[in-house]
1. Any chance you could look up the accessible area of R306 with a 1.4 Å probe, heavy atoms only, rounded to 10 Å²?
2. Provide D183, D60, D298 ordered by accessible surface of protein heavy atoms (probe 1.4 Å), highest first.
3. So what is the 222 nm mean residue ellipticity for the chain from helices alone, if each DSSP H run of at least 4 adds -39500 (n - 2.57) and you divide by all residues, rounding to the nearest 500 deg cm²/dmol?
4. Roughly how far apart, in whole Å, are the Cα centres of segment 297-360 and segment 180-215?
5. If contacts are Cα pairs under 8 angstrom and at least 6 residues apart, what is the relative contact order of the chain in percent?
6. With a ≥ b ≥ c taken as the square roots of the eigenvalues of the C-alpha gyration tensor of segment 151-196, please select rounded if a/c is under 1.5 and otherwise prolate if a/b is larger than b/c or oblate if it is not?
7. I need the phi-derived Karplus couplings for segment 292-305: 6.51 cos²θ - 1.76 cosθ + 1.60, θ = phi - 60°, integer Hz, Gly and Pro marked x.
8. Mind listing the long-range amide H neighbours of L112? Cut-off is under 5 Å, sequence gap 5 or more, other chains count too, H placed in the peptide plane at 1.01 Å from N.
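The values are calculated or read from the model by the stated rules, or taken from the named source; none is laboratory data. Please read all numbers here as calculations on a predicted model, not as lab measurements. The area values use the complete protein model at the heavy-atom level, side chains included, leaving out ligands, DNA and RNA. Shrake-Rupley method; radii C 1.70, N 1.55, O 1.52, S 1.80 Å.
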Amino acid sequence: MLIQWKRQALFLAITSLLLSACGSDDNSSSSDDHGHEDEYGQRLVMTELNGQDISLYDRDEASVSLVGQANAAAGQLLKSDDGLSAALITSSGVQFISSGLATEPETDAIFLDTLAVTLADPQLIMTANHFALLQDGNTEFYPAEDLTDATGPEEDLTLTGITQTFPALILNEGESLYAVFYDDQLHVYQDSVLQTSYNCSAPSAVMHNDALALIQCDGALRYLVVDEDDSGSHVAYSGTTFTGETVSGWSSGGEYILLYNSDTVSLVYPHNDHTHSTDPGISLTDDQSICAAAINYDASALITVRDDASAEVLDLTDNGLDPATISLSEAEATFSCDDIQLAAGSAAFMITDNSSGHLYTVDSHDGGAWHLHGSALALSSGINVQSTVLLEADDDQESDDDEHDH
């Protein structure tokens, strides 16, 4: 099984000007007739394939500004679990960006220059709201919650005589429970004492969502589930899942990790010492295939973008809302999955098409139906987006992160 990562990552979105008024798509399940004084608290950060400019779109201000310069072109962005910061990964190092949304009043987004790391082809992951960087055979942890006040990594996970080959995972910070990668295995340590080991050669990607982590290694996806034993201590269990299947991308929300390929979407979740997966029931005809899919933060909805220039939003709550079908009308003539990027926020999804140069925002208000927010919006000419993330200030999200027992 191989995860076939597209040039555009699953979590991508692009920036543009939004209309101050809201409208409804003809194929939307609902009209957008709410008031126009919303404070979205959403900022989209964008990198370019052939340039080093890092731009930011502020949805509240309906404006685009230059945040700064990447240390190399074609940077990839990695969002923190709390959605308030991002890491910029290039071939020559790592830079960190603060959204400015965590303060009251909000401030401008900035590069945190004192944290910049110069390192060829760095390996960086997000784990338990920490950026984890492999540096000289050890893992350095940068806590996202304290990123703006930090002057360097909070912790350096070093094991005597061990050269780590992939950034370590924080399974439970309070109990010093970590997953460490070396010698083609995944090793679980507690208080620097080895607990157990699992085969995991050539780890290359990870998605960590609270009690569940999925790791690409051994030509499959290995799961790591953390659960309490009879004494109340946390223990890690592992196995493989989706062996022999192609996975195009993933995202996380609620207790789930969403996986998708061209014809399937699955939601994986932990249960005691193993995982289960469920089919959310997306609509797909014989002549349709999936370009991208994502789930929002609280797992109240998921979206699929399809290769016929349409999208579908499934409501995952008990509200009884019908699936919402969105027509990407400006993209029909030139539509290609290779040009599509998708970003998920708490109550919004953004779909962009580099070929036609348009942005579509799909959102929901106060538990109402998902719909197209306004019309398709023209993007700045000539921008070739490499990577974007949607940063946002969401009170529920921040509260949930504070309660997680990492």
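1. Probe radius 1.4 Å; accessible area of R306 about 10 Å².
2. D183, D298, D60
3. Details: 1 runs with 9 residues, N = 406.
The helix contribution divided over the chain gives -500 deg cm²/dmol.
4. 34 Å
5. Numbers: 1070 pairs, mean separation 82.4, N = 406.
For the chain, the relative contact order is 20 percent.
6. Numbers: a/c = 1.74, a/b = 1.18, b/c = 1.48.
Cα axes put segment 151-196 in the oblate bin.
7. Those phi angles translate into 7, 8, 7, 10, 7, 4, 9, 6, 8, 7, 9, 10, 10, 9 Hz.
8. Here the answer is F96, I97, S98, since their amide H atoms fall under 5 Å of that of L112.
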